[in-house]
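The structure under discussion appears below in the form of structure tokens.
The values are calculated or read from the model by the stated rules, or taken from the named source; none is laboratory data. Everything quoted here is computed from the prediction, not taken from an experiment. Here the Cβ positions follow ideal geometry from the backbone for every residue, glycine too, while neighbour counts run over all protein chains shown.
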Amino acid sequence: MIRKMLRMLLLLFIAGTYGCASADQLQTYLVAANDAGSNGEAVVGRDCASVPVSFVSKLDFPSKYEGSGAARDELNSDANERYKDATDAITGYEKGLVAIANRYVKSRSDSTGRCFVVWLRKWARDGALLGQSTTHTGKSVRKWALASISAAYFRVKHESPDLFHGQESDQKIIESWIKTIADLVIQEWPVDVATKKINNHYYWAAWSLVASGLAVDDRKYFEYGLSIYHLFENQITEEGLLPNELLRRSRALNYHAYALSPLVMIAAFAHYNEVSVSTGKNSALTKLAETVFHGLSDPKSFESLTGAKQEISLNSATNYAWLEPYCAVATCSTAMLFEVDKRRPLQSTRMGGDLTAMFSKGLTK
């Protein structure tokens with residue numbers, strides 16, 4: 001009751017202050033007043049969800065394959081639950097930020113734009129995701145989060161370069177934070193390692209750095225990501241297979257598809273940045289894309305290669321989201337075009353959000 005009375009008094013005060021204001025104008029003023037908040041964290045609309053608590057702890061997470069053999073293909077349900085609990089804030093932040101970016105690009109709503117800035121600024125100011133990574137999974141989570149953050153930030157910045165007009169100090173804080181995370185990712189995923197260690201994790205690190213380089217306009221990160229991409233090109237076999245992903249036995253097909261997603265995004269954004277990456281008929285990317293696509297249609301080839309029945313992900317983002325950027329920069333078969341059209345809109349948080357909307361606008365042209 002008290003809240004309602006205060007709201008009515010505020011509306012009456014605004015009406016008296018601003019004269020014969022319309023209902024929409026009054027609502028705008030009210031939202032601004034409500035959003036200022038006691039902590040001064042900025043003006044956002046009521047449709048802006050609360051920012052998840054900044055993750056400033058060590059990145060110490062268990063692997064969902066904890067206790068599995070060398071193939072790392074047996075899911076440990078207990079470890080998986082512990083992993084989900086420990087990373088809940090980070091996962092929520094990734095999904096929330098990308099969802100806000102999707103909404104802003106579509107609506108160009110001022111309140112949604114402010115919300116996007118607030119979400120970024122909060123974690124940037126708190127130094128989130130900068131803790132020591134004490135496990136391999138911790139390192140993995142950092143670069144996955146960087147991919148989501150940088151891709152969303154670049155997309156919004158690309159679509160609306162004036163969003164930070166008058167908020168340059170916020171932009172500086174955010175971009176400095178992204179650079180700091182990117183520097184840690186470079187340290188954690190060095191390219192001067194044995195070939196047997198270069199796998200899907202490296203490809204996701206590469207994509208996170210390519211996205212970061214474009215997001216903060218720093219060629220260093222972009223080039224580092226491309227250097228990992230070139231390692232992939234040297235790894236692919238004539239049959240379009242990745243030897244290190246084949247070792248995952250029952251999950252070999254799944255991890256080929258998972259590895260393909262960041263590689264396709266790197267190729268697409270390289271094209272956007274006018275950097276030549278081969279996507280022709282005999283290119284490494286095309287070989288892998290065709291192998292994955294045929295494998296998803298008929299897993300028997302992977303079962304023959306690995307001697308294990310394939311555990312195929314039910315996640316459409318893992319299996320097919322890559323088709324949207326791939327068809328933007330390479331020649332897709334009739335079957336691929338049918339599949340991508342059937343599944344639109346294709347979306348993936350760590351690839352930047354609504355990929356159908358992103359590439360339908362010619363982002364790579």
Hey, among the residues in segment 164-174 that are among the hydrophobic types (A, V, I, L, M, F, W, C) and buried (at least 18 other Cβ atoms within 10 Å of the Cβ), which one's farthest from residue 123 (Cα to Cα)? 164
Candidate set from segment 318-348 (those that are surrounded by 21 or more Cβ atoms within 10 Å (Cβ to Cβ) and more than 18 Å from residue 267 (Cβ to Cβ)); member that is modelled with the lowest pLDDT: 319
Working only within segment 113-127, note down all residues that are in contact with a helix residue (DSSP H, G or I) (Cβ under 8 Å, 6 or more places away or on another chain) and over 20 Å from residue 47 (Cα atoms). 124, 125, 127
From the list 139, 157, pick out the single residue that is touching a strand residue (DSSP E or B) at 6+ places or on another chain (Cβ under 6 Å) and at negative phi. 139
If we only count helices (runs of 4 or more DSSP H) wholly inside segment 240-331, which ones have 3 or more residues that are touching a residue at least 24 places away in the same chain (Cβ under 8 Å) and out of contact with any strand residue (DSSP E or B) (no Cβ under 9 Å at 6 or more places or on another chain)? 243-246, 252-272, 284-297, 300-306, 323-329
Take the residues of segment 103-117 that are without any contact (Cβ under 8 Å) to a residue 60 or more places away in the chain and among the basic types (Lys, Arg): which is nearest to residue 153 (Cα to Cα)? 103
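Let's see how each residue does on (1) in the same structural domain as residue 116 (by TED's automatic domain parsing); (2) among the β-branched types (Val, Ile, Thr); (3) within 20 Å of the chain's Cα centre (by Cα):
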| residue | (1), (2), (3) |
| --- | --- |
| 188 | yes, no, yes |
| 210 | yes, yes, yes |
| 213 | yes, no, yes |
| 234 | yes, no, no |
| 249 | yes, no, no |
Just checking, does segment 191-202 include any residue being β-branched (Val, Ile, Thr), more than 30 Å from residue 113 (Cβ to Cβ), modelled with pLDDT of 95 or more and not in a loop (DSSP other than H, G, I, E, B)? no
Among the residues of segment 152-160, is there at least one that is at pLDDT 95 or above and either in a loop (DSSP other than H, G, I, E, B) or under 29 Å from residue 134 (Cβ atoms) (or both)? yes
